[in-house]
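The structure appears right after this line, and notes come after that.
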């Protein structure tokens, strides 16, 4: 059996995209709470404060704050071995810099974690997933070193509180989004200078490294990973300039993994910052902090592959971050214009493992699509089953044929949730349908899709049913 007996099957969500209750029980605002739904053809607006005439998807999301018992019971029915979730920092420290944690926030996550454990579901917790406390704006968010200490305090609080109950952690979701979606990654404006983004990224590297070391001190059984936004690319042609252009693009993204896995900045990045006159606010001892805080494993998201070459300039651009100057004519696209490339997942696993030689975990992978409830109440999402089956078979090949140590797989997301890129509900990913539209109208009832029963069989057979 190519999938290991202890393979971790499950699903992944984020607090901002499912919880709702944005101002309930002492929760403070986060950067996600001031992003209205995206207007067609435009980038998502950031209003800094809540404006009553605008619709903010995170304020209600799918009301997981109310429906968590039903939702986790559905995950358990599918047979989840692991559930990747995130804690909302602003639910525990409402302003980010509060002296004491919000006990009601901790109590909510107590219920979530205890319920998971009662179903023998391992919780994998992301500490910051696109929702920096808005109260940290007064410091300039992650451009200010003080936020490092505040994040470490928050992390220590939850790691001590959940000691023995949570032993799998991720520090920052898709940390390389500081270059592509900096507001999501840490409250940094898209228009910020490259130096500002690199300073914010440096502070997140320091914070992550400190938390890795702290986690090991709190509980020697703790495992802490990094989370990479899976930008993987092929060269446009065999022309040397296309090969180099593709290499340059990959380095722009993978340097984030280089720092967190190897514990130091790669030479190519240091040379680039030197050319751009970017100076990091390095303090004495920072190099040791980065080295001592190397992660235990690498997790990543995988949705698509890019094509890059001599015309690819800088970082990804466009509404969905797909503009590299090239398209892959060999691949079909999703309804949202994302190339569908199952074989690319095997390529991604090989790329990461043979660059870093660390255990890997796919913590996001899925198909955003428009689902329809038939007259008989059935939701026939065969397109999702086809997508996931083909991707899972490529993971099997990577394990069986390439010898890649893959820890597990958590689909994004096991239940419909709001999209981070556009705030829509109509871009559905789940095995469970939630009856709510893009503007929060609906019953919020949960319905099992055809893929629900398919994934249940995949898990119970440990992947045997894929063939």
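Nothing in this text is a laboratory measurement; each read-out follows from the coordinates by a stated rule. Everything quoted here is computed from the prediction, not taken from an experiment. Positions of Cβ are backbone-derived with ideal geometry, glycine not excepted, and every protein chain shown enters the neighbour counts.
Straightening the chain between residue 383 and residue 239 buys 48.2 nm, computed as 0.36 nm per residue apart minus the Cα-Cα spacing. Report note on the peptides 31-38, 49-56, 125-132: ranked by the mean count of other C-beta atoms within 10 Å, highest first, their order is 125-132, 31-38, 49-56.
Between residue 193 and residue 160, the simple label model (points 7 Å from Cα in the Cβ direction) yields a spacing of 3.9 nm.
Counting neighbouring Cβ atoms within 10 Å and putting the fewest first, the residues 60, 216 line up as 216, 60. Cβ crowding within 10 Å, taken as a proxy for footprinting-reagent exposure, orders 89, 454 from fewest neighbours to most as 454, 89. The distance separating the Cα centre of segment 44-98 from that of segment 101-135 comes to 10 Å.
Per residue, the average separation of C-alpha pairs within less than 8 Å and at least 6 apart gives segment 8-466 a relative contact order of 17 percent. Rounded to the nearest 5, what % of the DSSP beta bridges within segment 8-466 are antiparallel ones? Counting only bridges with both partners in segment 8-466, antiparallel ones make up about 15 percent.
With Cα atoms defining each centre, segment 146-215 and segment 395-424 are spaced 22 Å apart in the structure. For residue 333 and residue 120, the difference between the fully extended length at 0.36 nm per residue and the C-alpha to C-alpha distance is 73.0 nm.
Calculated on the Cα set of the chain, radius of gyration then Dmax: 20.9, 66 Å. Taking 0.36 nm per residue of sequence separation and removing the Cα-Cα distance, the residue 24/residue 270 pair yields an extension gain of 84.1 nm. Rounded to the nearest 5, the antiparallel percentage of DSSP beta bridges internal to segment 186-343 is 20%. If you average the sequence gap of Cα pairs under 8 Å that are 6 or more apart and divide by the length of segment 347-467, what percent do you get for the contact order? About 26 percent, as a whole number.
In this label model, residue 50 and residue 107 are separated by 2.1 nm, measuring between points 7 Å along each Cα→Cβ vector.
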